Amino acid sequence: MNHDRVKIFAGNANPELAREIVDALGMKLADVMVRQFSDGEIHLQIKENVRGADVFIIQPTCTPVERNLMELLLMMDALKRASAERITAVLPYYGYARQDRKDKPRVPISARLVAALLETAGADRILSLDLHAAQIQGFFDIPVDHLFATPVLIEHFKSVNSPALTVVSPDAGGVERARAFAKRLNSPLAIIDKRREEANVAEVMNVIGDVNGRHCLLVDDLIDTAGTLVKGAEALRAKGAASVSACATHAVLSGPAVQRIETSELREVVFTNSIPLSEEAKKSSKIRSLSVAKLLAEAIRSIHEKTSVSGLFV
């Protein structure tokens with residue numbers, strides 16, 4: 001990798017992950033000054049020459065979503081005006097991804113709007129990790145490299161090596177993801193059928209598949225309030241599951257999520273560090289985080305060197 005032509009910047013959303021990524025590449029983060037005026041406006045300045053450079057900005061749009069998104073947009077605008085040759089927005093977590101369609105009258109398609117904002121601000125390419133809906137790639141008119149954290153999570157659960165493991169999808173929409181896990185772990189698949197009455201409230205209705213006496217692994221892309229997760233664990237235990245663990249790429253963990261996990265039937269919940277854990281989550285005895293830094297570092301290397309990223313999907 002030509003370090004003279006590559007510049008990697010990071011916003012304030014997840015600086016620890018950004019440092020891990022540049023360490024894996026044998027580089028240092030490029031210098032940017034980010035401040036806030038007393039009225040809350042963001043003021044930033046790129047502190048080094050980027051003319052003709054291949055630039056990557058690492059910034060998940062997690063909580064506080066609007067601030068982190070605006071920081072990313074302003075940084076891209078500054079880089080574009082400073083004559084960067086190419087700007088790749090590295091989004092370990094894509095905020096607003098759950099609002100990807102018009103499912104009620106008079107609602108926005110927020111994921112599409114965010115895509116338009118990123119392009120307008122100057123993004124030439126997007127590198128994302130486990131989009132909530134894969135079709136979000138189609139909201140962009142620029143190339144999107146969509147990675148999956150599956151290899152990182154699979155490696156962890158392979159080390160557990162439980163012969164009585166059953167992979168469980170928490171809803172019908174996540175069956176494809178859970179099936180991929182089950183295939184890689186050589187385990188059977190079960191599905192939880194639930195009915196969502198309103199946003200962030202889920203009622204478990206039925207468990208499809210045999211989980212009696214099995215060690216169950218609930219697989220999802222993100223966990224927000226953990227209501228669905230906890231109810232799913234309760235349903236599995238009621239059907240005779242010996243234990244219930246869970247994994248997800250993105251630790252959104254809003255509201256009472258950590259407390260719900262702590263007092264639940266769950267034995268362990270494993271996330272990646274796409275989103276930094278809150279202090280409360282770090283103290284939890286049931287929550288564990290795995291790093292996706294090497295995965296993202298290899299993708300950045302491949303994009304810069306114009307080689308295939310398909311090898312990262314194995």
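The values are calculated or read from the model by the stated rules, or taken from the named source; none is laboratory data. The structure displayed is predicted, hence computed values, not measured ones. Using ideal geometry, Cβ is built from the backbone for each residue, glycine included, and neighbour counts are taken over all protein chains shown. Ligands, DNA and RNA are stripped out before the accessible areas are found, and what is left, the full protein with its side chains, is counted by its heavy atoms. Shrake-Rupley method; radii C 1.70, N 1.55, O 1.52, S 1.80 Å.
A few remarks follow.
- ASN212 being of a type outside the set (Ser, Thr, Tyr) and surrounded by fewer than 17 Cβ atoms within 10 Å (Cβ to Cβ): yes
- Output for the range 224-254, where each listed residue is of a type outside the set (S, T, N, Q), closer than 26 Å to ILE275 by Cβ and open to solvent by less than 10 Å² (accessible area, probe 1.4 Å): ALA226, GLY232, ALA233, LEU236, VAL244, ALA246, CYS247, ALA248, HIS250, ALA251
- Residue-level check: of (1) surrounded by 15 or more Cβ atoms within 10 Å (Cβ to Cβ); (2) free of Cβ contacts under 8 Å to residues at least 60 places away in the same chain; (3) in contact with a Lys or Arg (Cβ under 9 Å, 6 or more places away or on another chain), MET33 misses just (1).
- Any chance GLY95 is in contact (Cβ under 8 Å) with a residue 12 or more places away in the chain and at positive phi: no
- Test: residue in the range 7-25 that is open to solvent by 30 Å² or more (accessible area, probe 1.4 Å), over 23 Å from the mean Cα position of the chain (by Cα) and without any contact (Cβ under 8 Å) to a residue 12 or more places away in the chain: no
- Just one of the listed residues (LEU44, LEU113, LEU91, LEU79) is in contact with a strand residue (DSSP E or B) (Cβ under 6 Å, 6 or more places away or on another chain) and under 22 Å from ASP224 (Cβ atoms), namely LEU91.
- Among the residues making up the range 26-64, those that are closer than 14 Å to ILE8 by Cα and either under 23 Å from the mean Cα position of the chain (by Cα) or among the charged types (D, E, K, R) (or both) are LYS28, LEU29, ASP31, LYS47, GLU48, ARG51, ASP54, VAL55, PHE56, ILE57, ILE58, GLN59.
- Total residues in the range 115-132 satisfying the condition of being open to solvent by less than 10 Å² (accessible area, probe 1.4 Å), aliphatic (A, V, I, L, M) and assigned to a loop (DSSP other than H, G, I, E, B): the figure is 1.
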